[in-house]
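The block underneath contains the structure these notes are about, expressed in structure tokens.
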Amino acid sequence: MDLSQIKLVATDMDGTLLNSKGEVSNHFFELFEELQELGVTFVAASGRQYYSIIHKLDQIKNDMIVIAENGALTMQKDKELQTTEIDRKTYLDLLDIAKNLQGSQVILCGRKKAYIENYGQDFINMLEEFYGRYEIVEDLSQIVDDQYLKIAICNQKGSEKYLYPALKHLEDQLKVKVSGEVWLDLSHNNANKGYALQNLQKNLRISIDETMVFGDYNNDLEMMSQAKYSFAMQNAHPNVKAVANYSTKSNDENGVEYMLSKMIEAKKKKQGIEF
């Protein structure tokens, strides 16, 4: 494993870079400075809203690239690099289906903000961890002055058991992604982290062999195929472990930082830099 050739690092957030409390370690920010000095491009790739990602990584927000909403939006500083949205007719069709899923809450992930109906304060408290900008509306079908990036559906009993079976028939038209234990996302087929990362690689002229990625859940699967150095977290879903080329420690054991340290050491050694 020759980590000295890495030029681009992309990592998922929840269950990967963030610990189980939703925190980023101070050590990561120290390592990020070294990545910059070595000319390595860093990408935060998450199902989270763009504003939530840059809030978590506020001190480096101007020095990284963000793939948000599972690949529906790619941003660098204030520049929009790519947007992949759902058309209104498809959105309304999906909304009809999603709103009939008993015991579930539906979120429209727009470009400007997220939109929810009034599901109560407990749900809002949870929502605020993942969405920095949101609005409570009377009817989700009446949102017309925003782009439809993604529909996120939450079911506290479990997304894999209670949501996916009811929505998997849509997979021939859309991305249907179990993106967390209680989350399932519906988006355009090209709205995935792998497609967004592939476009970045093309624009940056960085190859799969020069790319390192980290992930833990099904919405990371496409991204795994875009890197020779693909790492599944120790806490990852079995599907991710099956396709990743390598593994690392869990998110609560700083598995991303562990491998970044190894990569930085390899690059410095190759360049003859003392450490």
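Readers should treat all values here as calculations from the given coordinates under stated rules, not as data from a laboratory. Since we're looking at a predicted model, the values are computed, not measured. Quick reminder, even Gly has a Cβ in these numbers, built from the backbone with ideal geometry, and neighbours come from all protein chains shown.
Annotations
- Fluctuation leader among Gly180, Gly39, Gly110 - the chain, Gaussian network, Cα springs under 10 angstrom: Gly39
- For the chain, adding -39500 (n - 2.57) for each run of n ≥ 4 DSSP H residues and dividing by the number of residues yields -9000 deg cm²/dmol at 222 nm.
- Candidates Glu23, Glu257, Glu222, ranked by Gaussian network fluctuation over the chain, Cα under 10 Å, top entry: Glu23
- Computed E for Lys168/Lys112 - FRET, C-beta separation, R0 25 angstrom, nearest 0.05: 0.25
- Rg/Rh (Cα only; Kirkwood hydrodynamic radius) as it applies to the range 88-187: 0.92
- Rounded to 5, the percent of DSSP beta bridges in the chain classed as antiparallel: 55 percent
- Distance between the modelled labels on Gln5 and Ser225, one decimal in nanometres: 2.1 nm (7 Å Cα→Cβ projection).
- Cα-based shape type of the range 236-275, given that a ≥ b ≥ c are square roots of the gyration tensor eigenvalues and the cut on a/c is 1.5: oblate
- The H on the amide N of Lys150, modeled in the peptide plane, is under 5 Å from the matching H of Cys109, each at least 5 residues off or on a different chain.
- Taken along the Cα-to-beta-carbon direction at a fixed 7 Å, the label points for Ser250 and Glu30 span 2.3 nm.
- J(HN,Hα) series, the range 5-18, from Karplus relation 6.51 cos²θ - 1.76 cosθ + 1.60, nearest Hz, glycine and proline x: 8, 5, 10, 9, 10, 10, 9, 5, 9, 5, x, 10, 6, 8
- Cα-based shape type of the range 190-271, given that a ≥ b ≥ c are square roots of the gyration tensor eigenvalues and the cut on a/c is 1.5: oblate
- C-alpha center-to-center spacing [the range 145-165, the range 194-218] in angstrom: 25 Å
- Put in line by how crowded their Cβ is, counting other Cβ atoms within 10 Å and starting with the fewest, Phe130, Phe29, Phe214 read Phe29, Phe130, Phe214.
- Whether the chain is rounded, prolate or oblate, judged on the alpha carbon gyration tensor where a/c under 1.5 counts as rounded: prolate
- Highest-MSF residue in the chain out of Asn100, Asn251, Asn190 [GNM, Cα springs under 10 Å]: Asn100
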